[in-house]
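Participant: I'd like to ask you about the structure that follows.
The values are calculated or read from the model by the stated rules, or taken from the named source; none is laboratory data. Nothing here was measured: the structure is a model prediction, and the numbers come from that model. As a convention, Cβ positions derive from the backbone with ideal geometry for all residues, glycine included, and neighbour counts pool all protein chains shown.
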C-alpha cells in the first residue's frame, strides 16, 4: 500500500477537502505507474518559500510552481520515492491563466512532480521532453 504524507505551510488556509483530493490523486497516480508499497511526501507552500528552495537547489532566484526532490531509496520493504513541493500561490495564478480549476492545476503539478521523481526530465532534450509529457498526460487522463 502506498503512503502519501501531505503537509501545508501553516499560514495557508487550504480546505481539508482539497488536501484529501490531492492525497487521493497522488495515490491513484502512484498506482497507475505501478507503485505498490511506496512513500511520497507532498508539501504545499507559498511563493516565498518555494523561491528560496528554487534558489538554493536550482540557482534560479524566482518562485516556481513545483519542485521534486528524489530520494529513490528502499527502506526495508518500502520504496521512498521522494518529496514534491508545490507553490499554492503560483498554482492559483496558473489556474486563472490556463482557465482551469485550482484542483485541475494542483493535480497537474502533482503528477508533473511524480513524473520527475520517476526519473523523467523534460529539459534535457526534445526526445526526453516528449517522453516526459506523454507520461504526464497518460496519468492526467484518468482524472478527466
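Participant: Taking the stretch 82-110 only, how many residues are touching a helix residue (DSSP H, G or I) at 6+ places or on another chain (Cβ under 6 Å), crowded, with 17+ Cβ neighbours inside 10 Å and more than 19 Å from residue 53 (Cα to Cα)?
Facilitator: 4
Participant: Go through (1) over 19 Å from residue 7 (Cβ atoms); (2) modelled with pLDDT of 95 or more; (3) part of a strand (DSSP E or B) for residue 60 and report which single condition fails.
Facilitator: That leaves (3) as the condition not met.
Participant: In this structure, does residue 12 turn out to be touching a strand residue (DSSP E or B) at 6+ places or on another chain (Cβ under 9 Å) and in contact (Cβ under 8 Å) with a residue 60 or more places away in the chain?
Facilitator: Judged against the criteria, residue 12 is a match.
Participant: Now for a different question. Being under 17 Å from residue 73 (Cα atoms) and in a loop (DSSP other than H, G, I, E, B) is the filter here, so list the residues in the stretch 1-32 that pass it.
Facilitator: Matches in the stretch 1-32: 1, 2.
Participant: Keeping to the stretch 32-49, report how many residues are in contact (Cβ under 8 Å) with a residue 24 or more places away in the chain and either over 16 Å from residue 112 (Cα atoms) or out of contact with any strand residue (DSSP E or B) (no Cβ under 6 Å at 6 or more places or on another chain) (or both).
Facilitator: 11
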